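This report concerns only the one structure given below.
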Amino acid sequence: MNEHRVAQLLDEAQYHEEHQKWLHAVQIYQQLINEFPEQLDFRIKLGNVYLEMGNLPAAELILLQALSNDSENPDILYSLGIACYQSEDFERALFYMRQLASYRLPKVHYSLGLIYWRRAEFLHAERHLRLTMEFQPDHVNAALALAETCIRQNKFSDAATVLRDINVLVPQDTAVQYLLGTTLISTGEYEDAVLHLRRVLETEPADENALLACAGALIKADRFTEAEEELKTQLRHDERSARTLIAFGKLALVRANRRKAEEYFRRALELEPENTDALEQMRYFTPNGKTTT
């Protein structure tokens, strides 16, 4: 097989990958491996196709075969780390990814951050996610993961700083806006929280999470009438939303209307008898703290 034919086959395989025709790509890479068994690049490409397909055992098998011929190949180690992460074998994922930490590649530190996150080792996760952001400041997913990691450690101000920085680069990203808004509620910056959550609602007006968070921020900011209007909007979208009824109940409580609050909590429990938030609220309306429905 000459070089022209090899290039042609690689172009065809890339086309199939771009259009998610995985089996066609597998056939081409297998053909190239059969023709050039010593060429590790073809095995790595095949392993990555198997990863995209979700066939993790096949991906790991082909990558381990390649690793046996080049035990320090960074592309193979990275792909093996991803394969183990996707199969939730985090110990082995760390084994492969740690060998690449000295390369200072954003994708490696991002992967290490995610692995440590899944192991609930948040300090290690934070360190690697910060390195990711240092090497690639516009990495939105890393910024979101870093903010979530800070939140898990009750470092709300740190999370807000991370999100404000990335928000400057991607001001239209609703995931960033939403997490920034909810984080600012935790830092007591209620007015700014409302601004960011309303930007989410401008793009996604039916987003229940954003709308309820916005209503909660408005309540914290003592803007009760606006909060009520937000909740009415959500109830028009979904008349059977227990979460909205609970929010109405909490609004009634801050307005010192216990009777109305209890009514809302009971209606929520009629819809979702096991709703823990509603059950907790009802403890304050029943004798000896016992909940009845």
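The values are calculated or read from the model by the stated rules, or taken from the named source; none is laboratory data. This is a predicted model, so every value here is computed, not measured. Every residue, glycine among them, receives a Cβ derived from its backbone with ideal geometry; neighbour counts consider all protein chains shown.
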*Considering R92, R127, R119, which residue is in the same structural domain as A59 (by TED's automatic domain parsing) and surrounded by fewer than 22 Cβ atoms within 10 Å (Cβ to Cβ)?*
R92
*Quick check, is V6 over 30 Å from L131 (Cβ atoms) and of a type in the set (V, I, T)?*
yes
*Quick check, is V200 closer than 30 Å to N257 by Cβ and either among the β-branched types (V, I, T) or in contact with an Asp or Glu (Cβ under 6 Å, 6 or more places away or on another chain) (or both)?*
yes
*asked:* Of everything in segment 31-57, what is more than 18 Å from A13 (Cα to Cα) and over 23 Å from the mean Cα position of the chain (by Cα)? Give them in sequence order.
replied: E38, P57
*Count of residues meeting criterion [in a helix (DSSP H, G or I), in contact with a Leu (Cβ under 7 Å, 6 or more places away or on another chain) and under 19 Å from T183 (Cβ atoms)] in segment 207-226*: 7
*Of all the residues that make up segment 227-245, how many are part of a helix (DSSP H, G or I), at pLDDT 90 or above and surrounded by 18 or more Cβ atoms within 10 Å (Cβ to Cβ)?*
8
_segment 139-198 - residue that is of a type in the set (D, E) and not in a helix (DSSP H, G or I) and, of those, surrounded by the most Cβ atoms within 10 Å (Cβ to Cβ)_ = E189
_Between a residue in segment 210-228 that is more than 18 Å from T187 (Cα to Cα) and any residue that is among the charged types (D, E, K, R), which pairs come within a Cβ distance under 7 Å, given they are 6 or more apart or on different chains?_
L211/E230; F224/R255
*Do we have any residue at all in segment 248-258 that's at pLDDT 90 or above, at positive phi and assigned to a loop (DSSP other than H, G, I, E, B)?*
yes
_I'd like to check something: does segment 204-223 contain any residue that is surrounded by 14 or more Cβ atoms within 10 Å (Cβ to Cβ) and touching a Cys at 6+ places or on another chain (Cβ under 8 Å)?_
no
*State the number of residues belonging to segment 64-91 that are over 25 Å from F135 (Cβ atoms), in contact (Cβ under 8 Å) with a residue 12 or more places away in the chain and part of a helix (DSSP H, G or I).*
4
*Counting only residues that are under 19 Å from L235 (Cα atoms) and more than 36 Å from the chain's Cα centre (by Cα), how many does segment 252-262 have?*
1
*Sole exception among (1) within 23 Å of the chain's Cα centre (by Cα); (2) over 23 Å from Q136 (Cβ atoms) for S111, by number*: (2)
